[in-house]
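Just so it is clear, none of the values below were taken in a lab; they were calculated from the coordinates. Note that this is a predicted model, so its numbers are computed, not measured. Don't worry about glycine lacking a Cβ; one is built from the backbone with ideal geometry, like all the others, and counts go over all protein chains shown.
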2 protein chains.
Amino acid sequence: MTLHDTSDDRVDQIIERAVRASEQWKRASIAERARALDTVADALDQHADELIPVAQRETHLAEARLRGELRRTTFQLRMFAEMLPEGLWLDARIDHADAEWPMGAPRPDLRRQLEPIGATLVFAASNFPFAFSVAGGDTASALAAGNAVVLKAHHGHPDLSDATTAVVVDALAAAGAPEGLFQTIHGTEAGVRALRAPGVKAAAFTGSVKGGRALFDIAATRPEPIPFYGELGSTNPAFVTKRAADKDAAGIARDFVASVTGSAGQLCTKPGVLFVPAGSSIVAELEAQRLPAAAPLLNSGIESGFRDSLASTRAVAGVRTLSAGAGAGAGVDGDSGADAGAPAPVLLAASSETLRAEMDTLMSEMFGPAALVVTYDDESEMLEIADRLEGQLTATVIGEDDDEIVVDLLPKLTARAGRVLWNQWPTGVSVTWAQQHGGPYPATTAVGTTSVGMAAITRFLRPVAYQNVPESLLPDALKEGNPLGIARRVDGVLTLP
Amino acid sequence: MTLHDTSDDRVDQIIERAVRASEQWKRASIAERARALDTVADALDQHADELIPVAQRETHLAEARLRGELRRTTFQLRMFAEMLPEGLWLDARIDHADAEWPMGAPRPDLRRQLEPIGATLVFAASNFPFAFSVAGGDTASALAAGNAVVLKAHHGHPDLSDATTAVVVDALAAAGAPEGLFQTIHGTEAGVRALRAPGVKAAAFTGSVKGGRALFDIAATRPEPIPFYGELGSTNPAFVTKRAADKDAAGIARDFVASVTGSAGQLCTKPGVLFVPAGSSIVAELEAQRLPAAAPLLNSGIESGFRDSLASTRAVAGVRTLSAGAGAGAGVDGDSGADAGAPAPVLLAASSETLRAEMDTLMSEMFGPAALVVTYDDESEMLEIADRLEGQLTATVIGEDDDEIVVDLLPKLTARAGRVLWNQWPTGVSVTWAQQHGGPYPATTAVGTTSVGMAAITRFLRPVAYQNVPESLLPDALKEGNPLGIARRVDGVLTLP
């Protein structure tokens, strides 16, 4: 525990305040919730010039990338605010009483909507100090859903976390939100204590498989288990068909390298393994690619984790270095990479035979600027490999529309990944209505959910049915007269306002 | 392990077949899925006269109740079949590419729908040998969602399970469904082995807190954790306001007793605790109620569990017997109830002071024909108690529309229960579009879901996004031309076919 860490007593006070704030916030109107989100977005924009330098200093990410990320963050807050009044996310359903219900017993008047789940604990990620941190996606969707948020700051950017928290707290106060609606805690122990607190009703996390699984286990073994929405890790395989490789080897090599090395490879959707035809000129094109020079990673923990995973991959017989950027720890086969200095980007290569023999090691995520290129002889090998994939955030196919193999490959990939891409690369996760960021374990701990895009709000809601409740006591979304003017399912039929 | 139990080898074969069948079934058209459900419903109706006597022998439930339950079961299958073509459950979303997307980077073409989660393990319940067993709600919704089902039979009705399985398997074959789409296993060890099998991707359960939590823990500690939809237990408190008590004490007493003693109290929504004003004539009315005579419970395990929970409640100082039915183990205070013979229905009583001092014991579920009547002096005591409630399937208010207390009471109850009722009783869970059967833990292990009603299908689905995928490779629900003719969210706007 460091001086900066939140004490046990303070954590308990914070949870207590969050529970009270949640009870108040769930009664706020949709317009009040939307205004609060917009106010936070405006305040972040106004404080950009103060926040960006702090972020640069603490994360080593470039200014342009950070400004883009902040724009994404405020866009996300505003998009949730814009979505709220439309109300489809409430999934409002009204069944009128029906004495002749064919089930064999009269149907009572039943009305159901989604309601806030309660005080929510959000664990910030290191690699997006704005978009997946203090005021990031999980915070935005939990607030939009009507819950208070306790934010566990990432130790990689504590000052930025405090600075952003101050902006958020002031903005929420200005918007008239209840005190304690958003609070930040620091320290691993504080996070665990909060996760165990009975007042916390849901948690969200973005980070490593190891850390995420440990927290998931805590959430699942509480006396009252709570939903834990963990986005843990993914190798994001990309498959290039023979005809696609023949058509544009240079373009594929260029775009793949850009996707692997952007943000120094520290993106959860980085394509970590690329399958290409043996003998294709893609391999030569990749060898010829000039990789970026070594650059510091987010923090020393990320850097040592990257070196370890890279060393494990390189230790497999049959894995060779295809190309590397200038700088420390790069290039030379057998180099342990344990010397000082930032790690250089590197592309490794192996045959599909080697991959299949060491699938667990070679399909593990290397979080940082590295990827493995796997050469196959026959396209059907991609089907075998797809069958053995663990859960993934994304899977990519670079192909031609009339490639026969993709008819079989695509369904295998949709069974194992949350997002399947065609002739595009998986990094750069757009915030949209249809986005899906989450897949089977270990990509996420909650396969039915997303942490990016508008569907993320459902994670922080729970259904409640009202039976035979008089109009005056019903929530607005379920009143007969539809005062919110939202689309509802009435007696089974989707009914527009 | 008994002779009837499924061997390890056989379980493994069954899972393997279920995985293959799931892969085939997910490619079946919506019309094929609907036809299969209808065919199963028709076959169950045709075999009713064979199945009902087996159910009567194994469960001690009355013929009329079982016939009603079978009707509910086939209704449920048909209702899912009817819902499928409408397609709103697919939550189809289409975002067209947008170069000017204000996030700061172009939006790609993204399309998202819900897809089958994979082979599903369903644990049958004892108390509904049709509606929550072999061909019950979980089976219906998992099949409707496009998954194969492995059914762990309840040991309370093994012969009925086998007989129903035969009907279901034959009907599915007749409807052209893949082999292995529905299979049944027997035995606790077989169930645990199946729950640990990597091929199983989701599980559903209805039963006790103890059994359900043990299975939840197994699901959560797998190398790949899977969703475990457990419906565990609930006390279903009911609150009577002073004015309601004054208005119709006799009616409240009569309807409460009917709800408590129906199906010998073996319903997960039985109102287990009734709060009434001290000095109200409801107490006298309840004392005067003639309770049904002792009747055998579902099986010896249920019976001994009921005796234990009843004895724990009676052991609390201040708990007295209000009334009891004729028969063994009833009536006399201090009676251990451990003598032979079926247990008689019993109503106990205590003050709210006693309840508050022994809340854990007195708010525990007594699964069987018993309930506790709690007298309060001031209506505000109901608010205090509501604040301390564990998660519930239901909470009931018997009140007058302009009772002031309910304005505060109702939100406290909706925060803790999945369904809140007004002047109706919670037993008799209608299968409808808006039904919600599930609440915070321990009512369920998955607070965001329901196990009854049409929304249950979402438990067995997972979202998949398609980025930049050509029309020919898209699933029908996401094709530009909308060949399924379903409502979709297109560029954020709900768009009807």
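Assorted remarks:
- Estimated FRET transfer efficiency (A:E50, A:A326; beta-carbon r; R0 45 Å; 0.05): 0.85
- Footprinting exposure proxy for B:K247, A:K26 (fewest neighbouring C-beta atoms within 10 Å first): B:K247, A:K26
- The charge dipole of region A:80-205, taken about its Cα centre with unit charges on the Cβ of Lys, Arg, Asp and Glu (plus for the first two, minus for the last two), comes to roughly 400 debye.
- Spatially close Lys pairs in chain B, defined by Cα atoms under 18 Å apart and a spacing of eight or more places or different chains, total 4.
- Taking every residue in A:169-181 and counting other chain Cβ atoms within 10 Å of its Cβ, the average works out to 0.
- Shielding by partners, peptide A:455-465 (average Cβ within 10 angstrom, other chains): 6
- Within region B:238-422, DSSP assigns beta bridges of which about 15% are antiparallel (rounded to the nearest 5).
- Label points for B:S351 are taken 7 Å from Cα along Cα→Cβ. From this copy to the others they lie 8.6 nm apart, shortest first.
- Extension gain, B:D162 back to B:S380 (0.36 nm per residue minus Cα-Cα distance, nm): 73.3 nm
- Descending semi-axes in whole angstrom, ellipsoid equivalent of region B:238-422, from the Cα gyration tensor: 26, 17, 15
- Of all DSSP-defined beta bridges confined to the protein assembly as shown, some 30% are antiparallel rather than parallel.
- Among chain B residues, the beta-carbon with the smallest distance to the axis carrying B onto A is reported, with distance in whole Å, as B:A220, 2.
- Cα-derived Rg over Rh, computed across region A:37-130 with Rh taken as Kirkwood radius: 1.29
- In the protein assembly as shown, the ratio of gyration radius to Kirkwood radius, Rg to Rh, stands at 0.98 when only Cα atoms are counted.
- Legend: calculated FRET efficiency, B:A278 to B:S29, from the Cβ-Cβ distance at R0 = 60 Å, rounded to 0.05, equals 0.45.
- Label-point separation in nm, A:A357 to A:N468, each point 7 Å along Cα→Cβ: 7.2
- Cα-based convex hull volume of region B:91-214 per residue, rounded to whole Å³: 155
- With both labels modelled 7 Å from their Cα along Cα-to-Cβ, the A:K479 to B:D98 distance reads 3.1 nm.
- Label point 7 Å beyond Cα along the C-beta direction, distances from B:R243 to other copies (nm, shortest first): 7.5
- Region B:231-306: relative contact order as a whole-number percent, Cα under 8 Å and 6+ apart: 40
- Calculated on the alpha-carbon coordinates, the convex hull of chain B measures out at 167 cubic angstrom per residue.
- Span from the region B:194-218 Cα centroid across to the region A:255-324 one, whole angstrom: 40
- Placing a label point 7 Å from the Cα of A:T495 along the Cα-to-Cβ direction, the residues of region B:396-435 with a backbone N closer than 17 Å are B:432-435.
- Remark: mean inter-chain Cβ contacts per residue of A:436-449 equal 5, using a 10 Å Cβ-Cβ cutoff to other protein chain atoms.
- Label points for B:A278 are taken 7 Å from Cα along Cα→Cβ. From this copy to the others they lie 8.7 nm apart, shortest first.
- Taking every C-alpha pair closer than 8 Å and separated by at least 6 residues, the mean separation divided by the residue count of chain A gives a relative contact order of 18 percent.
- Dividing the mean sequence gap of close Cα pairs (under 8 Å, 6+ apart) by how many residues region B:238-422 holds gives a relative contact order of 26 percent.
- Residue exposure sequence - A:S234, A:S126 - by fewest surrounding Cβ within 10 Å: A:S126, A:S234
- Bridge type composition, region B:375-497 - antiparallel percent by DSSP, nearest 5: 40
- Screening chain B for DSSP H helices whose Cα atoms reach 15 Å or more along their own axis and whose mean Kyte hydropathy is at least -1.0 gives B:30-46, B:48-59, B:63-83, B:158-174, B:209-221, B:249-261, B:300-314.
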